[in-house]
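The structure appears right after this line, and notes come after that.
The values are calculated or read from the model by the stated rules, or taken from the named source; none is laboratory data. Not measured: the values here are computed from a predicted model. We place every Cβ from the backbone using ideal geometry, glycine too, and count neighbours over all the protein chains shown. Heads up: the accessible areas ignore ligands, DNA and RNA and are worked out on the full protein's heavy atoms, side chains in. Shrake-Rupley method; radii C 1.70, N 1.55, O 1.52, S 1.80 Å.
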Amino acid sequence: MRWWIGARRAGFTVPLALAAFLLPLLAVQNIRVALPSLIGSPQIALTLFVPVPLVACLMHLLESRVPAPEDSGVRPVARYDAALVTAVAVAALCCALLVAALGGTQEAAAAGRNVLFLTGLLLLGHTVFGPSAVMVPVAWLVLVVGIGFRGNVPRWWTVVPQSAHDVPAAVVSLLVFAAGLTALIFAPRKAP
Amino acid sequence: MKFTTALRSSSVRWAGPAVLLLAALYYMTGETAPPSQYHHWAPAIVSAPLMTLYALAYAAAAGLGVWESGRLRKAHIWESLPSRSRYRVAANILLPVVIPSWVVLLLPPAISLARSGTAPTLDSLRLPLMGMLVVVCHAIAGFALGSVLPRLIAAPVVAVVDWIAVAFTRATDPYWLRHVSGQFSDIGFGEVPRLVSLAAPVLLAGGVAVGLLLLWLPLGPRVLRGVLALGVAAAGVLGAQHLARDWPHDPPMATGQAPMDCSGVHPRVCVPRVASGNLDRAQREASRTLSTLQAAGAPVAAPDQITDIYNGPAAAGPGDRVWRMNLMTADRPHEVGYQVMVRALKFRCAEVPLVRARSVWLWGATRTGQVDMYQERRRNEGVTPETRQIESQVSDQVRDVLDRSQAAQRTWIRSNLDSCSKSATGSTT
């Protein structure tokens, strides 16, 4: 367990991940910008992009490994990883909810939910593409900004720009996160 | 390394198709404007799809630059014996990175040009070329970042930050931010961006990129190189800001660049070549309208030239020797003649009572045989009980005027054009 924590460099990366999530969240939670979409230019909350550093750190965490002993060892490393990812994601979600509760905006809570969704996407992509899947959440965000809006109203499939009170988005985020964890535990690792 | 080998081992293998797919979405969902609205003006056709794609191209280049640089670092390339220049190694690895971004900037405009059946011109290549240069600079900046930061964290963060930083300038207030970011707005008919407006973004991105390259010079003390690099980068950034600081919403554009065809004298009528099919008719209508009005006694100062409003400097020249009108879209009979009539009957005062203005125009339209066009204009403005009442007043008055003698009509039109009183002068007696 200790060598695993060490190999993941979790003592450094986890605080970095949470800081890289929380500081931008506090900085931009009230800012909306007009980004050039392919259709019109919707007003988009910058909080949409706040989870990106966090999921990038998660990928860094998962890829900081010692391949030989981990692949041949008997310890259930994949489950440790899943537990670690869950812990970080839940911590980020709690932080976001806390920010939202302490007078922040509902976008902050939505950013917490998006951490779960994008992490799920990241983990699912990880089983298919390996470490380059770190670009999958980015591609999703670009896709959503590009074609995910009708006027200023997000389309149903976009998930991330929905409001924090949107139940389907929350359910989908949880499902995708769970699917990602399952893939992380059971799918064979793809070599980088 | 051979180029094909570099391409095969590069991240472009997976990133290239993804980037191109995102760019292709433009044609699946975004392109709603019919190609005909650009009147075959190639720079405008090229600028329309690029507007949404600059940020994607730059961000892809920067993110992949980070990724590839991290890959080199992970493979301990920089620690191996320097058998060839570092620049050469970097260029080798960055070439496959910039290619998908170049394709993003070239392919959609090419498709747009093909769909509208327009041949590209040299002027229309200015924007894509500017974008391609800026892409290279972004790739270099990404490469530099990737050689110090962990790639798995830095690549997505750099891509997203770069994308937002460029994209948000499209609608932001200090205008110079857009003029230096490499994000361009669309272009109107007959407009070509001046080289100086392309130089600003290239100067900014290029200054930073050259500064980063200088850090790698294999000679001189490190501090000196650092100072030099900082100086070059700062010069680029400040120079670009200085250049674009005072530009208005649109950067400097050369206007009136579309080739024109002209016909006739007094007035000489010029329209862009793409719309020159109706040129002779337009010239006939204009000259007949002007001579009829003059013969009827209206104080008309005929212009030397009538040219299209879209193709020329936005500010009209001094005097009234050149009239700018909507000639390009005037493809039905009397559309040009009617515009000339309205323009020729010039009121001395800025504000004229509605009934008087309408009476003057209806009189002019009747004398020049363009009553149908007058009525069509009124219909297009919308018909309400109020306008119907005004029109009946107008037609009563004009019928009355037209029954009079030539001399009386002449006095009527002159007094109506010159008078500044608020009431409609129904009779001159």
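For chain B, which span is the longest to avoid every loop-located (per DSSP) member of GluC sites (Glu not before Pro) having at most 16 other Cβ atoms inside 10 Å?
B:80-350
Express the relative contact order of segment B:46-153 as a whole percentage, based on alpha carbon pairs under 8 Å and six or more residues apart in sequence.
57 percent
Would you mind checking the tilt of helix B:126-146 against the longest principal axis of the Cα atoms of chain B, expressed as 0 to 90 degrees and rounded to 10?
30 degrees
So what are the radius of gyration and Dmax for the Cα set of segment B:351-429, in Å?
12.3, 36
Send over a whole-number figure in Å² for the accessible area per residue of chain B, probe 1.4 Å.
Value returned for chain B: 47 Å² of accessible area per residue.
Taking segment B:316-378, which trypsin sites (Lys or Arg not before Pro) meet the DSSP loop condition and have no more than 13 other C-beta atoms within 10 Å?
Working: sites: B:Arg321, B:Arg324, B:Arg343, B:Lys346, B:Arg348, B:Arg356, B:Arg358, B:Arg367, B:Arg377, B:Arg378; in loops: B:Arg321, B:Lys346, B:Arg348.
Answer in residue order: B:Arg321, B:Lys346, B:Arg348.
Counting DSSP beta bridges in the protein assembly as shown, what percent are antiparallel, to the nearest 5? If you can, show how the numbers build up before the last one.
On the way: 11 of 18 bridges.
Counting only bridges with both partners in the protein assembly as shown, antiparallel ones make up about 60 percent.
Mind checking the angle between helix A:106-129 and chain A's longest principal axis? C-alpha axes, 0 to 90 degrees, to the nearest 10.
50 degrees
Report the semi-axes of the equivalent ellipsoid for segment B:196-245 in whole Å, largest first, where each axis is √(5λ) for an eigenvalue λ of the Cα gyration tensor.
Value: 24, 10, 5 Å, ordered largest first.
Relative contact order for chain A: what is it in percent, counting Cα pairs under 8 Å that are at least 6 residues apart?
Computed value for chain A: 25 percent relative contact order.
Using every Cα-Cα pair within the protein assembly as shown, state what percent have a distance larger than 35 Å. List each step's numbers first, then the result.
Numbers: 104868 of 192510 pairs.
Percentage above 35 Å: 54.
When only the heavy atoms of the protein chains count and the probe is 1.4 Å, how do A:Asp166, A:Asp81 rank by accessible area, highest first?
A:Asp166, A:Asp81
Would you tally the net charge around B:Gly63, using a Cβ to Cβ cut-off of less than 12 Å, leaving B:Gly63 out, and scoring K and R as +1, D and E as -1?
Neighbour charge sum, excluding B:Gly63 itself: -1.
Averaged over B:161-174, how many beta carbons belonging to a partner chain fall within 10 Å of each residue's beta carbon?
Neighbouring Cβ atoms belonging to other protein chains average 4 per residue here.
In percent, what relative contact order does chain B have, based on Cα pairs under 8 Å that are 6 or more apart in sequence?
Normalised by residue count, the contact order of chain B is 13 percent.
Going highest first, how would you order A:27-33, A:144-150, B:17-23 by mean Cβ packing within 10 Å? List each step's numbers first, then the result.
Numbers: A:27-33: 16.1, A:144-150: 20.6, B:17-23: 18.1.
Peptide ranking by packing, descending: A:144-150, B:17-23, A:27-33.
For B:Asp280 and B:Leu402, FRET efficiency with R0 = 41 Å and r from the beta-carbon atoms, rounded to 0.05?
0.85
Ranked by accessible surface with a 1.4 Å probe, highest first, in what order do A:Phe177, A:Phe12, B:Phe3 come?
Sorted by accessible area, descending: A:Phe12, B:Phe3, A:Phe177.
Can you pull the percent of segment A:90-192's accessible area that's carbon plus sulfur, 1.4 Å probe, other chains left in place?
Reported share for carbon and sulfur atoms: 75 percent.
Excluding ligands and nucleic acids, what accessible area in Å² is computed for B:Leu402 using a 1.4 Å probe, to the nearest 10?
The accessible area comes out at roughly 50 Å².
Interface size between chain B and chain A, please: total buried accessible area, 1.4 Å probe, rounded to the nearest 100 Å².
Chains B and A together bury roughly 2300 Å² of accessible area.
Rg(Cα) of chain B divided by 2.2 N^0.38 Å?
Against the empirical 2.2 N^0.38 Å value, I get 1.38 for chain B.
Return P(r) of segment B:63-103 (all Cα-Cα pairs; 5 Å bins starting at 0; whole %; ordered from short to long distances).
Histogramming segment B:63-103 at 5 Å steps yields 6, 21, 31, 23, 11, 6, 2 percent.
Which number do you get for Rg(Cα) / (2.2 N^0.38 Å) in chain A?
Ratio of Rg to 2.2 N^0.38 Å for chain A: 1.04.
What three numbers, in Å, describe the spread of the alpha carbons of segment B:3-254 along their principal axes, ordered from the longest?
The Cα atoms of segment B:3-254 stretch 58, 41, 30 Å along their principal axes.
Roughly to the nearest percent, how much of the accessible area of chain B is carbon and sulfur, given a 1.4 Å probe?
62 percent
What do you get for trypsin sites (Lys or Arg not before Pro) in segment B:219-280 restricted to DSSP loop and a cutoff of at most 16 other Cβ within 10 Å of the site's Cβ?
Filter output for segment B:219-280: B:Arg245.
Working from Cα positions, state the angle (0 to 90°, nearest 10) between the long axis of helix B:335-344 and the longest principal axis of chain B.
Once rounded, the angle reads 70 degrees.
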